[in-house]
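Peer 1: Can you read through this structure? Questions will come right after.
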Amino acid sequence: MPRRFVIRIELTHSAKGKLSELSDRNGMTQVSIMSRLVEWFMAQPDVIQAAVLGRYPHEIEQDVAGMILRRMADEKKPS
């Protein structure tokens, strides 16, 4: 098994409550959920990571989302 690391995160009261609900609803530990989220996030392309992190100006968020979806659709089309 690969070496594992434990890190601490800071959550708002609301986020912690929602994480607890998600954990209970899915029968998973909070650590397991957070680990999977980080693994998923790190596997995403840079443009999606930037969007999730709120790196694009609010005024163009909808345009960026559309561009990302079009790019993803183009990548799935057979050559």
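The values are calculated or read from the model by the stated rules, or taken from the named source; none is laboratory data. In this text the structure is predicted, and so the values were computed from the model without any measurement. Positions of Cβ are generated from backbone atoms using ideal geometry, with glycine treated the same way; all protein chains shown enter the neighbour counts.
Peer 1: Counting just the residues of the stretch 1-41 that are in a loop (DSSP other than H, G, I, E, B) and of a type in the set (D, E, K, R), which one comes out nearest to VAL52 (Cα to Cα)?
Peer 2: The selected residue is GLU10.
Peer 1: Checking the condition modelled with pLDDT of 95 or more, out of contact with any strand residue (DSSP E or B) (no Cβ under 8 Å at 6 or more places or on another chain) and exposed (fewer than 12 other Cβ atoms within 10 Å of the Cβ), which residue from GLU75, GLU21 passes?
Peer 2: Criteria check complete, one pass: GLU21.
Peer 1: Check the stretch 53-68 and report whether any residue there is within 19 Å of the chain's Cα centre (by Cα) and at positive phi.
Peer 2: yes
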